[in-house]
There are 2 protein chains.
Amino acid sequence: MNAPVTSQSRCGDCPIRHRAVCARCNADELDELDGIKYYRTYEAGQPIIWSGDVMTFVGSVVSGIASLTQTMEDGRTQMVGLLLPSDFVGRPGREGAAYDVAATTDVVMCCFRKKPFEELMERTPHIAHRLLEMTLDELDAAREWMLVLGRKTAREKIASLLAIIARRDATLTPGGATNRMVFDLPLTREAMADYLGLTLETVSRQISALRKDGIIELEGKRHVTVPDMRLLMEEAGDDSDGGFLG
Amino acid sequence: MNAPVTSQSRCGDCPIRHRAVCARCNADELDELDGIKYYRTYEAGQPIIWSGDVMTFVGSVVSGIASLTQTMEDGRTQMVGLLLPSDFVGRPGREGAAYDVAATTDVVMCCFRKKPFEELMERTPHIAHRLLEMTLDELDAAREWMLVLGRKTAREKIASLLAIIARRDATLTPGGATNRMVFDLPLTREAMADYLGLTLETVSRQISALRKDGIIELEGKRHVTVPDMRLLMEEAGDDSDGGFLG
DNA sequence: GGCAAGCCTTGACCCAGATCAACCGGGATC
DNA sequence: GATCCCGGTTGATCTGGGTCAAGGCTTGCC
């Protein structure tokens, strides 16, 4: 899989992403970035960064999905974040990486050499500002996930995960006044389990249960149809509509 | 309890906190802050901000401990963060509050009216920078907590919490070459349960178990002595020393 | 002193989800 | 086509922590 400049990368919303991804936009500081940015591709399953490594770059995901994972010495792992296209990787001002980053699907990253990027950030408050905003978003997402991990049942966890993936990946079925949504799961059952603090068997069982109850439809193991997002949100135990409805 | 300017507020480390707390330091932008900052005190248990409220201020904790909590409609709650002295509250650039904030102990806050603070931030990259750094720290802490919530046993959760509180509150027993630490729990059993994704009964039982096993000593319900922090860290399932040792 | 309210502890029991194990099905390789 | 492998499903059983319930210890109020 190669680096497609798709509408999925949402060019034009984030200045960093914008410049990184989209060759057709000559944004203000674009020139300054020449020579410090480069692209890298990773195959599904490949590690991108190991926790503790010295970071030499920061960057953003262009396409594919990467995961942030923490591991205990005894092997227990917890995924602590999903990186979707446009998400930023790396901590300006930090030496080492805090978590393992791995490609969950094939991934294209747009990287900036860290030093020059930090200098650029010094000179360009706009970037620092945008980065703060993105970090606050990530913090919100992390904290929302703490509620999922700490208090939700297995079924609610699955529903919450499906809702998140739907929110970021799915398309409304054209022509429908309904809340039908269709998307592909970008994660294995095991990866879902890591994200949800469950075992893969429980994930499998709960997905089967949701299918049996008509909340979702499955074609193969990955292709999901949600006939009515409102039912799914209800299962997620989440009164908020997740941004789907008005 | 009134607003003491104690060494606990760690004046001098963070520019924002520095200016907010310490009348004896005339830091560079101190003058500019006059007229936009004020202090507020809250009694233990009192709400500070409700989720969804329009935020009119940002600020930092001067003394006491506040908690960030998320609640589901059916009443299940999960604490998603602890705010200790020097921690920042509020999201520059955001309208509404994302979580409930409440005083866990008596709390003194140093507040800045939001609008002028944001303008100040525009003019002062240093502050934006510092804020980004603090937010990245919070993000790390939140993600570390996701591992605790998702993968640790009740006993490990308790040990992890005690370790965190010790790290930020405790004093090494003077004259000891050992790793003995002494501190007071600033949280009720219920608050601990909310933080750890447990019930208060389980918290109580596990604390009793740790006491029985000699990992901790208790005087009353709140005063804790840890004879050897290394044993506690081991119980936490955490190979890192949490910053205690060399 | 007596009483009530909070906070905490402990016991008995139960259940959601983990664990262990068997099996399925599709794709790659020979 | 036979075989293997990998991801997924399903069943049987076990158990950590939840739930329900009964006190205990402090503190404050009458």
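The values are calculated or read from the model by the stated rules, or taken from the named source; none is laboratory data. Just so we're clear, the structure is a prediction, and the values are computed from it rather than from any experiment. Every residue, glycine as well, gets a Cβ built from its backbone with ideal geometry; the counts of neighbours run over all protein chains shown.
Do we find that B:Asp100 is under 23 Å from A:Asp140 (Cα atoms), of a type in the set (D, E, K, R), surrounded by 14 or more Cβ atoms within 10 Å (Cβ to Cβ) and modelled with pLDDT of 85 or more in this structure? I'd like the intermediate steps shown before the answer.
Working: under 23 Å from A:Asp140 (Cα atoms): yes; of a type in the set (D, E, K, R): yes; surrounded by 14 or more Cβ atoms within 10 Å (Cβ to Cβ): yes; modelled with pLDDT of 85 or more: yes.
Criteria met by B:Asp100.
Just the residues that are of a type outside the set (Val, Ile, Thr), within 14 Å of chain B (Cβ to nearest Cβ) and within 13 Å of DNA strand C (Cβ to nearest atom), please, taken from the stretch A:201-235.
Within the stretch A:201-235, just A:Glu235 meets the criteria.
I need the full set of residues from the stretch A:58-92 which are facing chain B (nearest Cβ under 9 Å) and not in a loop (DSSP other than H, G, I, E, B), in order please. Spell out how you get there, then give the answer.
First, pick out the residues of the stretch A:58-92 that are facing chain B (nearest Cβ under 9 Å): A:68, A:70-74, A:76-81, A:91-92.
If the condition is that a residue be facing chain B (nearest Cβ under 9 Å) and not in a loop (DSSP other than H, G, I, E, B), then A:Leu68, A:Gln70, A:Thr71, A:Thr77, A:Gln78, A:Met79, A:Val80, A:Gly81 are the ones that fit.
Conditions tested, residue by residue: (1) over 18 Å from B:Ile65 (Cβ atoms); (2) modelled with pLDDT of 90 or more.
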site: B:Phe112; (1), (2): yes, no
site: B:Met121; (1), (2): yes, no
site: B:Arg130; (1), (2): yes, no
site: B:Glu138; (1), (2): no, yes
site: B:Ala142; (1), (2): no, yes
site: B:Met146; (1), (2): yes, yes
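List pairs: first in the stretch A:211-225 and surrounded by 14 or more Cβ atoms within 10 Å (Cβ to Cβ), second in a loop (DSSP other than H, G, I, E, B) and basic (Lys, Arg), Cβ under 9 Å, 6+ apart or cross-chain?
Final answer for the pair search is A:Thr225/A:Arg180.
Could you look through the stretch B:117-168, keep only residues that are more than 21 Å from A:Arg151 (Cα to Cα) and of a type in the set (Gly, Ala, Ser), and pick out the one that is farthest from DNA strand C (Cβ to nearest atom)?
If we take residues in the stretch B:117-168 being more than 21 Å from A:Arg151 (Cα to Cα) and of a type in the set (Gly, Ala, Ser), then B:Ala128 is farthest from DNA strand C (Cβ to nearest atom).
Cβ contacts < 7 Å: first residue over 13 Å from A:Pro92 (Cα atoms), restricted to the stretch B:115-143; second residue at pLDDT 90 or above and of a type in the set (D, E, K, R), any location; separation 6+ or different chain. Result?
B:Leu139/A:Glu138; B:Ala142/A:Arg143
Answer yes or no: is there a residue in the stretch B:119-126 that is surrounded by fewer than 20 Cβ atoms within 10 Å (Cβ to Cβ) and in contact with a Phe, Trp or Tyr (Cβ under 7 Å, 6 or more places away or on another chain).
No: the stretch B:119-126 contains no residue that is surrounded by fewer than 20 Cβ atoms within 10 Å (Cβ to Cβ) and in contact with a Phe, Trp or Tyr (Cβ under 7 Å, 6 or more places away or on another chain).
Just one of A:Glu95, A:Glu144 is over 24 Å from B:Val80 (Cβ atoms) and within 13 Å of chain B (Cβ to nearest Cβ); which is it?
A:Glu95
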